[in-house]
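Shown next, in structure tokens, is the structure this report addresses.
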Amino acid sequence: MQFNKDFVFGTATSSYQIEGAHNEDGRTPSIWDMFCDIDGRVFEKHNGDVACDHYHRFEEDIQHIKKLGVDTYRFSIAWPRIFPAKGEFNPAGMAFYKTLATRLREEGIKPAVTLYHWDLPMWAHEEGGWVNRDSVDWFLDYAKVCFDELDGIVDSWITHNEPWCAGFLGYHVGVHAPGHRDMNEAVRAVHHMLLSHGKAVELLKQELKSTTPIGITLNLSPVYAKTDSANDRLAQNNSDGYSNRWFLDPVFKGQYPVDMMNLFSKYVHSYDFIKPGDMETISTECDFFGINFYSRGLVEFSAANDFMTVAAYSDYDKTGMGWDIAPNEFKDLIRRLRNEYTDLPIIITENGAAYDDVLENGEVHDDKRIDYVKKHLTAVSDLNDEGMNIAGYYLWSLMDNFEWSFGYEKRFGILYIDFETQERVWKDSAKWYAGVIADHKAKHADSVEA
Ligand code: FCB
């Protein structure tokens, strides 16, 4: 694999998954604090109260990031630190991110900041959360303060991380906070998230006249049909519509897919929440497109299931999440995006794998993770050879952390965290990734001299 000189290597985390310090410096609960508190929602009732204690250990973590040699580090801001109550700005919460971003820059690492990685403040939830259209204004107030305070020390902005998870897993499937099971709510929540994305982009570019790159991150999963039967292909179409097109079409084409609107209308009695001008705002041009890629989907027809589709048995090798390892399908996905959706630079804002890591004598031999990342990085390199313009890659994750409903049971980190002692241990994958980056830099340093 090879990458051009400007290709950026990074690693990623998110606020609730690593910070801890859940009630410090004025932070109030988010929907994830609430969700963790409900019996049966999160593995062994784990929560983010302490997590990786990154809030207190960020200096040490910055040194690990620096040692990895990455160009950039992606983290998210916890909204309830910035607005602990409606309309109440908390400078103490902002101070943490100012220091973090400043220190990263001092060490030569570019901060890439996500505004919304799922920790909606409880005060907003109590007023209807994302289902309430006012959430767009609340988000804009929050975005404005972040832009005012941090633009200039942040190198790129991501408005939302994976609205599919926040919207559909949170309000339809119910396995993420706030844990609702209501498709009518879910499509509204998604609409307001997407609208708040578009408005934040307009705010930064048009009103604040900033040139800092801004984009959105979608999790995309190419879906395949178990067989070539008409029924299975229908299942594929519907699953693709639910996972991918419901987000890609509004963002890049300014419209929701009509087939899916019809299908959803079993639950969604009216689309009157889409107001004039919304779709133009949602499809406002960004500077890059972020993609989180983990796996593919394989589906078959099922009359009994929502939208006539259900996951089919797949014999692919799997990660510790039980997800198919599918670098070739990743290539299909990127080619399709280029054909059907966008010419914007693509950034892989997350890719990585969970495995059952074992710490032995201070070492973690996670060959499978190395293999997974190598396969996907090779795919990125191949795609760029085809002219696909993937501008960067962020490995998920810098360290083991709170993996949402799986709690601390699933480890995605390249640093192993001992959650008793908070010790950080470099897994073999971290050493390997540092090596890939060092080789890349050495190669391009030579080419400058030559
Ligand atoms: C993504 C999330 C991230 C992490 C990885 C494994 O869906 O954005 O927070 O949980 O999956």
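Taking a quarter of the surface of the Cα convex hull of segment 86-194, what do you get in nm²?
The number I arrive at for segment 86-194 is 6.9 nm².
What accessible area per residue comes out for the chain, rounded to a whole number of Å², with a 1.4 Å probe?
Per-residue value: 38 Å².
Which length gain, in nm to one decimal place, applies between residue 137 and residue 207 when the Cα-Cα distance is subtracted from 0.36 nm times their residue separation?
On the way: separation 70, 0.36 × 70 = 25.20 nm, distance 1.54 nm.
Roughly 23.7 nm would be gained on extension.
Need one number: convex hull volume per residue for segment 234-337, Cα atoms only, in Å³.
Numbers: hull volume 13.2 nm³, N = 104.
Spread over its residues, the Cα hull of segment 234-337 gives 127 Å³ apiece.
Long-range amide H contacts for residue 214: which residues qualify at under 5 Å (H placed 1.01 Å from N, peptide plane, sequence gap of 5 or more or a different chain)?
Answer set, sorted by chain and number: 157, 287, 288.
If you plug each phi of segment 395-400 into the Karplus form 6.51 cos²θ - 1.76 cosθ + 1.60 with θ = phi - 60°, what whole-Hz ³J(HN,Hα) values come out, in order, with x for Gly and Pro?
Going residue by residue, I get 7, 9, 9, 3, 9, 3 Hz, with x marking Gly and Pro.
How would 321, 193 line up by accessible area, probe 1.4 Å, largest first?
The most accessible residue leads, giving 321, 193.
Tell me, what HN-Hα J-couplings in whole Hz come from the Karplus equation 6.51 cos²θ - 1.76 cosθ + 1.60 at θ = phi - 60° for each residue of segment 117-122, using x for Gly and Pro?
Whole-Hz 3J(HN,Hα) from phi for segment 117-122: 10, 5, 8, 5, x, 4.
So, counting K/R as plus one and D/E as minus one, what does the shell of residues with Cβ under 11 Å around residue 132 add up to?
After counting each charged neighbour, the total is -3.
Can you compute the modelled spin-label distance between residue 175 and residue 280, with each label point 7 Å from Cα toward Cβ, in nm?
For residue 175 paired with residue 280, the spin-label model returns 4.0 nm.
To the nearest 20 Debye, how big is the dipole of segment 135-245 about its Cα centre, given +1 on the beta carbon of each Lys and Arg and -1 on that of each Asp and Glu?
Charge dipole of segment 135-245: 320 debye, to the nearest 20.
What number comes out for the charge environment of residue 17, summing +1 per Lys or Arg and -1 per Asp or Glu over other residues with Cβ under 10 Å away?
-4
Starting from 0.36 nm per residue, how many nanometres of slack lie between residue 56 and residue 447 once their C-alpha separation is accounted for?
136.7 nm
Would you work out the relative contact order for the chain, in percent, from Cα pairs under 8 angstrom that are 6 or more residues apart?
18 percent
Answer with one residue from 36, 265, 384: the one whose Cα lies farthest towards the positive end of the charge dipole of the chain, charges on Cβ with Lys, Arg +1 and Asp, Glu -1.
My answer, from the dipole projection, is 384.
For residue 347, what residues show an amide H to amide H distance below 5 Å, using hydrogens built from the backbone and excluding near sequence neighbours?
289, 290, 291, 391
If the chain between residue 356 and residue 234 were fully stretched, how many nm would it gain, using 0.36 nm times the residue separation less the Cα-Cα distance?
Residue separation times 0.36 nm, minus the Cα-Cα distance, leaves 40.3 nm.
Once amide H atoms are built 1.01 Å from N in the peptide plane, which residues 5 or more positions from residue 8, or in another chain, come under 5 Å H to H?
Here 392, 393 satisfy the definition.
Please list 180, 440 in order of solvent-accessible area, largest first, computed with a 1.4 Å probe with all protein chains present.
If we order 180, 440 from most to least accessible, we get 180, 440.
Can you compute the charge dipole magnitude of the chain about its Cα centre, using +1 on each Lys and Arg Cβ and -1 on each Asp and Glu Cβ, nothing else charged? Give it in debye, rounded to the nearest 20.
In total the dipole reaches around 740 debye.
How many times 2.2 N^0.38 Å is the alpha carbon radius of gyration of segment 295-396?
Scaled against compact globular proteins, the figure is 1.29.
³J(HN,Hα) across segment 309-321 via Karplus (A = 6.51, B = -1.76, C = 1.60, θ = phi - 60°), whole Hz, x for Gly/Pro?
Once rounded to whole Hz, the list reads 9, 8, 4, 9, 5, 10, 9, 5, 4, 10, 7, x, 8.
Taking 30 Å as the cut-off for C-alpha to C-alpha distance, list the pairs among 144/331; 98/209; 209/441 that go past it.
Violating the 30 Å Cα-Cα cut-off are 144/331; 209/441.
Can you give the accessible area of residue 423 in Å² (nearest 10), computed on protein heavy atoms with a 1.4 Å probe?
Number for this one is 100 Å².
With the dipole of the chain worked out from charges on the C-beta (+1 for Lys and Arg, -1 for Asp and Glu) around the Cα centre, which of 298, 2, 164 lies farthest toward the positive end?
2
Using a 1.4 Å probe and counting only protein heavy atoms, arrange 122, 260 so the residue with the most accessible area comes first.
Output order, biggest surface exposure first: 122, 260.
Would you please give the FRET efficiency between residue 269 and residue 422, computed as 1/(1 + (r/R0)^6) with r the Cβ-Cβ distance and R0 = 60 Å, to the nearest 0.05?
Values: r = 50 Å, r/R0 = 0.83.
FRET efficiency, residue 269 to residue 422: 0.75.
Starting from the Cα of residue 226, draw a straight line to each of the aspartates and glutamates and keep only those under 20 Å, dropping any in the same chain fewer than 8 residues away.
Those aspartates and glutamates meeting the cut-off are 240, 300, 306, 315, 317, 324, 329, 332.
List the relative contact order of segment 34-103 as a percent without decimals, with contacts defined as Cα pairs under 8 Å and 6+ residues apart.
Relative contact order, segment 34-103: 18 percent.
Which lysines, if any, have their Cα less than 16 Å from the Cα of residue 410, not counting same-chain residues under 8 positions apart?
Within the straight-line limit of under 16 Å, residue 410 reaches these lysines: 45, 318, 368, 427.
Take the chain, mark every one of the trypsin sites (Lys or Arg not before Pro) that falls in a DSSP loop and has at most 13 other Cβ within 10 Å, then report the longest stretch left between them, sites excluded.
Between the exposed loop sites, the longest stretch runs 267-450.
Would you list the P(r) distribution for the chain, with all Cα-Cα distances sorted into 20 Å bins from 0 and each bin expressed as a whole %?
That works out to 25, 62, 13, 0, in percent per bin.
Can you give the charge dipole size of segment 89-133 about its Cα centre, rounded to the nearest 20 debye, using +1 on the beta carbon of Lys and Arg and -1 on the beta carbon of Asp and Glu?
240 debye
What distance in nm lies between label points placed 7 Å from Cα along the C-beta direction at residue 148 and residue 386?
For residue 148 paired with residue 386, the spin-label model returns 4.6 nm.
The values are calculated or read from the model by the stated rules, or taken from the named source; none is laboratory data. Keep in mind the model is a prediction, meaning the values are calculated, not measured. Neighbour counts are summed over all protein chains in view; Cβ atoms, including those assigned to glycine, are modelled from backbone coordinates with ideal geometry. Heads up: the accessible areas ignore ligands, DNA and RNA and are worked out on the full protein's heavy atoms, side chains in. Shrake-Rupley method; radii C 1.70, N 1.55, O 1.52, S 1.80 Å.
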